[in-house]
Each structure stands twice: as C-alpha cells, then as structure tokens.
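Chemist: Mind looking over this structure? Questions follow.
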Amino acid sequence: MQCLLCPQQLSYNNNTSSMMRHFKAKHDGILETDYGEPQGTRRDPRTDVLSLNKHDLDQALVNLVVKDSQPCSIVEDRGFRDFVKKLDPSYALPSKQALKKMVDDRYQEEKADAQAQLREAEAVSLTVDLWTSADTRLAVACHYVLENSKLATVLLGVLPFPQNHGPTDVADAQRTLMAEWGLEGKVKCLVSDTTPAMVAAADDLALPHVECIAHALNGVVRRALDKTAGLKGLRRRAGEVVALFRSSAAAKEKLRSKQQKLALPVTKLVREESSRWTSTFLMLQSLLDARRAVGSALTALGAKVEPLSCDESETSAACLQVLKPFYTATVEMSEQKRVLGSMGIPLVKMLLLATEEVAEESDNVTAELLGQNLSAGLRREFDGLEENPVLSLATLLDPRFKTIGFRCQEKAQQAVQTLTAECAALVRPAADRPTERPVSTFCPPAFNLWKSLDDQASMVRTHSNATADATLEVQRYMTDPPLERSQDPLVYWKEHKNIYPHLFSLAKKHLCIPASSVPFERVFSKAGDVFSRKRNRLSPKAHEVHRHQEDPPLHQDEGERRNASFC
C-alpha cells in the first residue's frame, strides 16, 4: 500500500502499526494524535492533508480570478469544473458567493498591510488620471519610500466619475481617498496632466502641482510637427501609402512577397494616429525601412498611389534623426515602471542639447526647421522647470545628477541654498529649543532683567550652528562624485544614511515623486478586461476590489512583491 502523503510503499499485515510508525517518523507535523481524546474522535490524516491543500487551492483560484480578469461565475462553468476534477478529484470548488468573499478578504488583507506601511511613511506623492470613456473613472496612486529605502506604489482607488465633472469633483474625490488612507499632511505634490480640472484641483487641495513630463513632451512634439512647413504634405503622402497597404489584402500580401524577395524583414507599415506623435515617427520609419519593397509592390499593383520620392525619403530620414532623442525619451519613460521626478530637469537639458546638435549638423531645410520648432517648444514648455522647488530639490538629491543636471548653474545654486535651509531645519536639535520650565507654586522665580535678550541670543546661536552644520553636510554631499546613471539613487541613500542623516531624510521625501503618470495609465489599459462581457454587472465597489488586486496596492521591486496578487 502507498502512503497518501509521499511515494513510500508500506507493508500491510492486517494492522496499522507500519503505517503509524511511518506517519510518526516522516509526517509527525501533520499527524497530531491526541491520546486524551476518545478513540472515535481521532482525526484522519488524509483530512488534514486535504484541508491544507484546499486552502492553497482556494488561494490559487483567487489569483486566477484576479490576475486573469475572470468572473467569479467561472466556478459554475461546466468545462472549468471538469478540468478541475481531472486535476484534483478531491478538491471541492467554492460557490460563486464564497469565491467573491475570498476575493474581498484578500483585498481587505492587502489593503490593511498597505495602510500600515503608509502610516510609517514620512511623505508621499500622488499620481492622478482621468479615464474618459463610456464610464468616466478617476484613478489615484500614491508613491512613497519604504523603511528599507525602496520605492513603493499603492493604488488608492479607481472611482466612478460623472461625465460633467469639475475641479471641485476631482478635488473632493482625492480628499476622500486621502482621508480613507490616512494621508493628510503627508502629500508632497500631485502629478498629472495640465487639464484645467487637474490644476484647479491641486490648488483646491493646496498641493504643489507637477506636470507629467511625458504628456508635456507629447504636446511639444505634436505642435512642432504641425508647425513645420513641408512636413504636412509629407505626412499626408505617407499616410496614403500606408492606408493602401493596410486596407487591401492583395496589397498587403504583395508587400510581404516583395519584402521576402528582397531579403528584407517582413514588417507591417504603421498608421499615423493624431493623438500620439510617436505613430508619426514609426510611420515614416516603417516606410523608410521598406522603401524598396513598397515601391516595387506599388508598381506591380498598378496603384494610383505613388511611393515617396527620393527627396521625400531624404527629408523623412533627416526628420527622423531630429526626432530620435524624443522617441528614445518617450520609450524609456513608457517602459519603466517608475520614472523619478529627479529625471525631469536633466532630461529636458539633454533633449535641448541633442536637438540643437542634430539640427545644426543637418543640411535638410525641413529637418532644420523642425529642430528649431522643437527647441523653441521645449524652452517655452519647460521654462520654469528648474525653478520648481519640488523638482529642483529632487534633482539635487539624486546622486546621479546633483547640480550637473541643471542647464542654468545660477538656478542650481539657488536650489542648493533652499536645500541647505531645509537641512538646517532638521539639524536644529529639539533639545536646544527654548522649553518652558515648571514654575514652583511656593517660590516664584527671581526676576531676570536679561531673560529676553539671553533667550534671543541663544536662538541665534542655535540657528547659526544648525546652518553651519547643514552647510557642511550639503557641501560634503555635493563634492562626492556622481553615481553612474544606471545605478539606483535609493540604494546610494541607504548606504549613506549615516553619513548624511538629514539629507537622507529629505531624499525619502523628494525621491518618491514620479516624473510621469504614463506607467500608471496601465491601470486604464486593463479596465476593459475587468468590464468584460461576463463581468458587465460589476458594482463600483467590486470593480475597485479587482483593480486593486490586478494592479496591486503594494508595488515593490520584482523580487520582493508579495505572494498575493497584489505593482
């Protein structure tokens, strides 16, 4: 006979002695026999094992429903039930209502853990975005630094919103979430696009507003493309060629055949979308890469649409070189899960340098004009970026950038002065602050004519000492060589928290600020999966539970995420 818990074969001689010896030797933690119980009440070890397995399988089922956006009614589907029975005939699937409760229990557990972490956080920043569709929804995420100096993100909520909403509605929704999560007095800033409702909501909440740099760059490039003479006609001609090959199956097959014949990669042409300038970049790039195949296919088809001319192809190539730095920056911000706000100022600096260099080297008139429009747009959009106290201090406290991340060193030094003042406020010890002395009821204190002057002199000495200590700490930090750009600034601060204790405290407050809300918009990209055909009756509360667990409240590094489906 074989053991139910392991592959061990056991002998059977009309008694259970060999089985009991095996269980006590190999599975003592599972088989717990209480000899004080009546003989008929001893637990069956198989029941213990099945109970343990059922809990694990129940939790795996919760993960399936949450991660794959499955409806709780899946447990009633005949095919799924047959499949589970084949996998484990002993497992009893929970009912739909029981599964709903398990999902909600998981949410409550993870939410409580996240709230406990937020109570320990010194400062947080918020990312806010609106999804305007058939059902308008407002999503709010919170970013903060953990005690182990790692960045974390909590999805505070995805709330249903009225179609005709105003700044007050946006502010009230955020105020409600901040109160629910205990964030009053901890929010450092609010990151969003610059729609009037978002900006006015930040003013209503008395929070500093930081514009999402990805949205800002998208607007800069789109306006530059529309403004550049010569590009409008080129984009229209390119769009006609792409439309032919994407709308006709015969043209699409002919292009694929020509690409194979010319030993070119078989790729699809990209269609331009008005809302995203990157589609313009990819359209011109795809046409340029498949230029020979496109021309040959159009000739073979006898189409009325003509391929791009040599001059148009040269202009496309030159304009792509000008746009390349912006495309690289956009892809980098989209791929990263977190883009620190400290990157904003250095990124704009490098984009300006790269754009001016490429435009100067180009001998194409259209590309040169495009470069000028991009440079002018960058300066106009980000003119006051280096004066923003939130982002300027974040850049200084990022050991990869410090003052070299600034274009204007005068503004960099002003930021250093602000940082020194904030550091001095932390250096000033509480023990040196004047405290009230207990007054004896029986013996009134002797009159001191010089008390006011002495107290004032003591405060001046305290401020002077604090400023000197803060200046020294900031100067020592600034003279340290910068980190490699690929290194994690929070790891640096964890290793140097005892060397620069006050700057470490400030770094935790300023390096939790994201530069972009683009990674956060993945919340909305999955919303269609949540409201699928089988889940179209989800209540707002149920939707919030599923969104919290699909995009977990607790976002940590990949290796440190919780086993639960909650980043």
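Chemist: Taking the Cα centre of the stretch 217-383 as origin, work out the dipole magnitude from +1 charges on Lys and Arg Cβ and -1 charges on Asp and Glu Cβ, in debye rounded to 20. Don't skip to the answer; put the middle values down first.
Modeler: On the way: 25 positive and 20 negative charges, 189 e Å.
Approximately 900 debye in magnitude.
Chemist: Pairs Lys186/Lys402; Lys411/Lys451; Lys188/Lys451; Lys451/Lys509: which exceed 30 Å Cα-Cα?
Modeler: Lys411/Lys451; Lys188/Lys451; Lys451/Lys509
Chemist: Using a 1.4 angstrom probe and counting only protein chains, how large is the accessible area of Met19 in Å², to 10?
Modeler: Roughly 40 Å² of Met19 is accessible to a 1.4 Å probe.
Chemist: With a 1.4 Å probe and every protein chain left in place, tell me how much accessible area Val84 has, in Å² to the nearest 10.
Modeler: 20
Chemist: Something else now. So if each residue of separation counts as 0.36 nm, and I subtract the Cα-Cα distance between Glu240 and Tyr91, what length gain in nm does that give?
Modeler: Full extension of this stretch gives 47.8 nm more.
Chemist: Still on this model: Within the stretch 54-103, what whole-number % of the accessible surface is contributed by carbon and sulfur, with the 1.4 Å probe and all protein chains included in the calculation?
Modeler: Heavy-atom surface of the stretch 54-103 belonging to carbon and sulfur, 1.4 Å probe: 55 percent.
Chemist: To continue, here is another question. For the stretch 54-103, which semi-axes, largest first and in whole Å, follow from the square roots of 5 times the eigenvalues of its Cα gyration tensor?
Modeler: 16, 12, 10
Chemist: Same structure, new question: Sort Thr315, Thr127 by heavy-atom solvent-accessible area, probe 1.4 angstrom, most to least.
Modeler: Of Thr315, Thr127, the descending order of accessible area is Thr315, Thr127.
Chemist: Sorted by average packing, counted as other Cβ atoms within 10 angstrom per residue and highest first, what order do 269-275, 240-246 take?
Modeler: 240-246, 269-275
Chemist: What is the ratio of the Cα radius of gyration of the stretch 217-383 to 2.2 N^0.38 Å, with N the residue count, to two decimals? The partial results should precede the final answer.
Modeler: On the way: Rg = 17.2 Å, N = 167, 2.2 N^0.38 = 15.4 Å.
Taking N as the residue count of the stretch 217-383, the ratio is 1.12.
Chemist: When only DSSP loop residues count, what trypsin sites (Lys or Arg not before Pro) in the stretch 91-161 have their Cβ near at most 16 other Cβ atoms within 10 Å?
Modeler: Lys150
Chemist: Which loop-located GluC sites (Glu not before Pro) does the stretch 162-217 contain, where loop means any DSSP state but H, G, I, E or B and the Cβ has at most 10 other Cβ atoms within 10 Å?
Modeler: Answer by residue number: Glu184.
Chemist: Write down the accessible area per residue of the stretch 217-383 in Å², having rolled a 1.4 Å probe over the full set of protein chains.
Modeler: On a per-residue basis, the stretch 217-383 sits at 51 Å².
Chemist: Taking Cα pairs under 8 Å and at least six residues apart, what relative contact order does the stretch 217-383 come out at, in percent? Show your work: numbers first, answer last.
Modeler: Working: 158 pairs, mean separation 46.2, N = 167.
Rounded, it is 28 percent for the stretch 217-383.
Chemist: Also, quick follow-up: Extension gain Val365-Ala116, at 0.36 nm per residue separation less the Cα-Cα distance, in nm?
Modeler: 83.7 nm
Chemist: Under 25 Å between alpha carbons, and skipping anything fewer than 8 positions from Lys101 in its own chain: which lysines qualify?
Modeler: In chain and number order, the partners are Lys54, Lys67, Lys85, Lys111, Lys526, Lys534, Lys541.
Chemist: What FRET efficiency comes out for Ala421 versus Asp383 if R0 is 41 angstrom and r is the Cβ-Cβ distance? Round to the nearest 0.05.
Modeler: 0.95
Chemist: On to the next question. Once fully extended, how much extra length lies between Ala200 and Arg271, figured as 0.36 nm per residue of separation less the alpha-carbon to alpha-carbon distance?
Modeler: The Ala200-Arg271 span can extend by a further 22.0 nm.
Chemist: Can you send over the carbon and sulfur percentage of the accessible area for the stretch 217-328, probe radius 1.4 Å, protein chains only?
Modeler: 51
The values are calculated or read from the model by the stated rules, or taken from the named source; none is laboratory data. Predicted model, so just to flag it, every value in this text is computed and none were measured. For neighbour counting, all protein chains shown are included, and Cβ atoms are generated from backbone atoms with ideal geometry for every residue, glycine included. Each accessible area value is taken on the protein alone, full model and side chains, heavy atoms only, with ligands, DNA and RNA left out. Shrake-Rupley method; radii C 1.70, N 1.55, O 1.52, S 1.80 Å.
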